[in-house]
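**Q** There's a structure below that I have some questions on.
We did not get these values from a lab; they are worked out from the coordinates using the rules stated. Predicted, not measured: the structure shown is a model, and the values here were computed from it. Reconstructed Cβ throughout: ideal geometry from the backbone, glycine too, with neighbour counts over all protein chains shown.
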Amino acid sequence: MTDEIKKIKEEMGDELFILAHHYQTDEIVALADAVGDSLKLAQIAKLNKKAKYIIFCGVHFMAETADILTEDYQRVLLPATDAGCPMADMADKASAEKCMAKLAEEFGENKILPITYVNSKAEVKAFCGNYGGTVVTSGNADKILKWGLGQNKIILFLPDQNLGRNTAYDLGVKLEEMAVYDQIREKLYYNCKKEDVKIILWGGYCHVHHFIMDETFDEARKNNPDYKIILHPECRYDIAERADGKGSTEYLINQVKNAPAGSKFIVGTEKNLVDRLIKDNPDKNIKILDSKSICRNMNKVAAENLFETLEDIKKGDFSRQVVVDKETAKQAVKALDTMLALS
Ligand code: 13P
Ligand code: SF4
């Protein structure tokens with residue numbers, strides 16, 4: 001099947017462009033024209049003006065972002081149409097608007113600047129664009145949050161509380177100055193004076209990283225004192241702040257790649273990526289922090305549905321196309337363009 005895919009790719013030339021996230025399997029990564037973290041993939045999708053068909057080997061919000069950033073004549077297709085992101089699904093426009101109304105009651109009108117992690121629905125990006133806010137990825141969260149904190153407003157950070165907390169803490173915001181909004185109970189929690197709240201964290205999380213527990217981290221540290229532990233900032237603060245480094249998937253790859261032979265790393269992120277790091281760096285010692293860190297949604301993309309997507313294109317069947325409606329895209333692009341300009 002991979003040979004068939006390669007043949008079709010040759011036939012289609014520049015008309016076709018296959019993007020893959022670092023969490024994809026080796027099989028898919030080998031077939032992709034570009035592989036990257038969310039920031040890199042968004043930038044590449046925006047730059048490509050030739051491809052009529054962009055196949056996104058990743059999850060739904062990534063294909064949505066690519067659709068927003070590409071031209072009208074370009075179609076973005078997702079091979080596994082049910083590959084979603086449970087964290088992105090933890091926030092939607094209606095609940096974000098409800099939260100905003102609550103925050104206006106609590107802190108006053110026009111006091112809140114919403115910023116969303118790119119791992120979110122297009123309608124949440126549009127919500128942020130609508131209120132003058134923006135988007136971050138794990139690759140630029142520090143830069144963009146720093147900008148946000150300088151805007152003289154309280155930030156509402158959606159949907160990943162862990163990335164928000166870890167990044168804000170590194171920028172000097174104290175834990176007491178961070179509020180949490182429980183989107184299920186529609187309740188706001190904070191432990192300081194109202195005037196001291198700097199950031200409100202939406203209560204979402206990525207189950208792949210959130211459930212890497214303290215015991216797992218402590219045991220890895222105790223049993224491997226000569227290893228550096230590096231992890232993704234979607235991990236909880238309790239372990240992220242004790243790690244030797246944290247950053248996007250691109251950051252994790254570069255840390256390992258650029259280290260001298262014999263270096264030792266324990267990496268806390270999705271298993272497909274760590275398995276590839278182990279394979280690609282035979283001169284280094286690499287282990288996964290938690291072997292249960294598997295994103296089932298990322299794993300839904302396979303050679304079979306990639307092949308079927310190519311067959312669909314030939315037949316003129318675009319049922320796998322991801323389309324963001326024009327009004328949502330118009331607001332979301334404002335938020336995304338601010339991010340790309342700042343990063
Ligand atoms: P990055 O590749 O941008 O670090 O994102 C990780 C992730 O969880 C994507 O779903
Ligand atoms: Fe979503 Fe987490 Fe999977 Fe990334 S790894 S797609 S954030 S569930």
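**Q** So which residues in the range 284-310 are of a type in the set (Val, Ile, Thr) and more than 16 Å from ligand 1 (Cβ to nearest atom)?
**A** Answer for the range 284-310, where residues must be of a type in the set (Val, Ile, Thr) and more than 16 Å from ligand 1 (Cβ to nearest atom): ILE286, THR309.
Residues checked against (1) within 13 Å of ligand 2 (Cβ to nearest atom); (2) out of contact with any Gly (no Cβ under 7 Å at 6 or more places or on another chain):
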| site | (1), (2) |
| --- | --- |
| GLU10 | no, yes |
| GLY36 | no, yes |
| GLN43 | no, yes |
| ALA51 | no, yes |
| HIS60 | yes, no |
| THR65 | yes, yes |
| ASP72 | no, yes |
| MET90 | yes, no |
| LYS93 | no, yes |
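**Q** Give me the helices (runs of 4 or more DSSP H) completely within the range 114-228, filtered to those with at least 3 residues that are crowded, with 22+ Cβ neighbours inside 10 Å, ordered by residue number.
**A** 122-130, 141-149, 161-170
**Q** Which ones in the range 87-108 are surrounded by fewer than 16 Cβ atoms within 10 Å (Cβ to Cβ) and either within 16 Å of ligand 1 (Cβ to nearest atom) or part of a strand (DSSP E or B) (or both)?
**A** Once the filter is applied, which keeps residues that are surrounded by fewer than 16 Cβ atoms within 10 Å (Cβ to Cβ) and either within 16 Å of ligand 1 (Cβ to nearest atom) or part of a strand (DSSP E or B) (or both), the range 87-108 yields only ASP89.
**Q** Going by the conditions given, is ILE278 within 15 Å of ligand 2 (Cβ to nearest atom) and without any contact (Cβ under 8 Å) to a residue 60 or more places away in the chain?
**A** Answer is no for this residue.
**Q** Now for a separate question. Among the listed residues LEU175, LEU156, LEU188, LEU171, which satisfies the condition of being within 11 Å of ILE115 (Cβ to Cβ) and among the hydrophobic types (A, V, I, L, M, F, W, C)?
**A** That would be LEU156, the only listed residue that is within 11 Å of ILE115 (Cβ to Cβ) and among the hydrophobic types (A, V, I, L, M, F, W, C).
**Q** Shifting gears a bit: Can you tell me which residues in the range 10-38 are assigned to a helix (DSSP H, G or I), touching a residue at least 24 places away in the same chain (Cβ under 8 Å) and among the charged types (D, E, K, R)?
**A** Residues satisfying the conditions are ASP14, GLU15, ASP26, GLU27.
**Q** Do we find that GLU234 is closer than 24 Å to CYS128 by Cβ, part of a helix (DSSP H, G or I) and in contact (Cβ under 8 Å) with a residue 12 or more places away in the chain in this structure?
**A** So GLU234 does not fit the description; no.
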